[in-house]
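Asker: Okay, here's the structure, questions in a sec.
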Amino acid sequence: MTAQSPHRPSSGIDPTVATAAGMYDYYLGGRDNFASDRRAAHKVIAEAPEVLLLARENRRFLQRAVRFLAREAGIQQFLDIGTGLPTQGNVHEIAQDETSGARVVYVDSDPRVLAHSRALKASEAGTTSVITADLRDPDSILDHPDTHALIDFEQPMAVLLVAVLHFVGDDSDPYDIVDRLCAAMAPGSYLVISHVTADSRPEHAHGLKDVYRATKNPVTHRTFSEVDRFFQGLEYVAPGLVFVPSWRPDGASDVAPEEVWVLGGVGRKQ
């Protein structure tokens, strides 16, 4: 038996390479990140200081979308793909606060997410599951036994792709991936997407892209029309595809929507 390198844990976690999950955790003020994540995050912040605002507003969009789906749309089952490291106001907490029977399957390709999420959500056994799978292989998510244990694909559901599609390059055909996920959803289901765009702050966005290129998760910015294309065949929930602070805000805000160069929308399958 070959001894494991002290720098490469047997779990598959490599603390020397920054990941999107670890960097996002740092942006949100979390503690589940490595020095490599923090170094990369500091470079991003130097290029685009508003990235901390982007992370917070994106998280708030997710929470508002889940609250809408559970409270107003009556959705009780959620597939959260690219969930990231657990923090406050997780999908199952928001959904179950609105409807006690809500079920959530969390999906991420980062092994750290599996380790941390399983420990945090152990008390939610029976209504919450965490699996390691890659969005670029949607069948590995849709066919996973833990997915089928909680998700009834004959009933309406919500697929959440929040701040994850920009980590899928064009060479992986992200539109085909989203089409595959939507095809698996029953009528009356919903798709939630948020996605960074270079439309409003191209000079900052390109600096961010350069930093992420050196991490495990390079980023691909897309235009409004390119993000809109992910919702082809679905009916937008008002107000449609907008900068995330403008999606059903809870109240007045001093944040100018265009300062948060993340687009967000919710679409319904007819």
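The values are calculated or read from the model by the stated rules, or taken from the named source; none is laboratory data. Because the structure is a prediction, the values reported are computed rather than measured. We place every Cβ from the backbone using ideal geometry, glycine too, and count neighbours over all the protein chains shown.
Asker: Ala184 - would you say it is small (Gly, Ala, Ser) and more than 26 Å from Gly74 (Cα to Cα)?
Answerer: For Ala184, the condition - small (Gly, Ala, Ser) and more than 26 Å from Gly74 (Cα to Cα) - is not met.
Asker: Which one is farthest from Val91 (Cα to Cα) among residues in the range 22-68 that are buried (at least 23 other Cβ atoms within 10 Å of the Cβ) and aromatic (Phe, Trp, Tyr)?
Answerer: Tyr26
Asker: Determine the pairs where a residue that is closer than 18 Å to Arg268 by Cα, located within the range 215-233, has a partner that is of a type in the set (Val, Ile, Thr) and crowded, with 18+ Cβ neighbours inside 10 Å with Cβ atoms under 6 Å apart, the partner being 6 or more residues away or on another chain.
Answerer: Going by the 6 Å Cβ cut-off, the qualifying pairs are Phe230/Val178; Phe230/Ile193.
Asker: Sticking with this structure for a sec: Return yes when Ala65 is assigned to a helix (DSSP H, G or I), touching a Leu at 6+ places or on another chain (Cβ under 9 Å), under 26 Å from Pro156 (Cα atoms) and not aromatic (Phe, Trp, Tyr) and no when it is not.
Answerer: Yes.
Asker: Given the conditions (1) outside any loop (DSSP other than H, G, I, E, B); (2) at pLDDT 90 or above, report the number of the one that Arg112 does not fulfil.
Answerer: If we test Arg112 against (1) outside any loop (DSSP other than H, G, I, E, B); (2) at pLDDT 90 or above, just (2) comes out false.
Asker: Let me ask something additional. Specify which of the listed residues (Asp228, Asp199) is modelled with pLDDT of 95 or more and either in contact with a Lys or Arg (Cβ under 7 Å, 6 or more places away or on another chain) or more than 23 Å from Ala70 (Cβ to Cβ) (or both).
Answerer: On the way: Asp199 fails: modelled with pLDDT of 95 or more.
Sole residue among the options that is modelled with pLDDT of 95 or more and either in contact with a Lys or Arg (Cβ under 7 Å, 6 or more places away or on another chain) or more than 23 Å from Ala70 (Cβ to Cβ) (or both): Asp228.
Asker: Might you let me know whether the range 234-245 holds any residue that is within 23 Å of Asp110 (Cβ to Cβ), under 19 Å from the mean Cα position of the chain (by Cα), aromatic (Phe, Trp, Tyr) and surrounded by 18 or more Cβ atoms within 10 Å (Cβ to Cβ)? Don't jump to the end; show me each part of the working.
Answerer: Taking the range 234-245 and keeping what is within 23 Å of Asp110 (Cβ to Cβ), we get 244.
Next, only the ones that are under 19 Å from the mean Cα position of the chain (by Cα) stay: 244.
Next, from what is left, pick out any that are aromatic (Phe, Trp, Tyr): none.
No - not one qualifying residue is present in the range 234-245.
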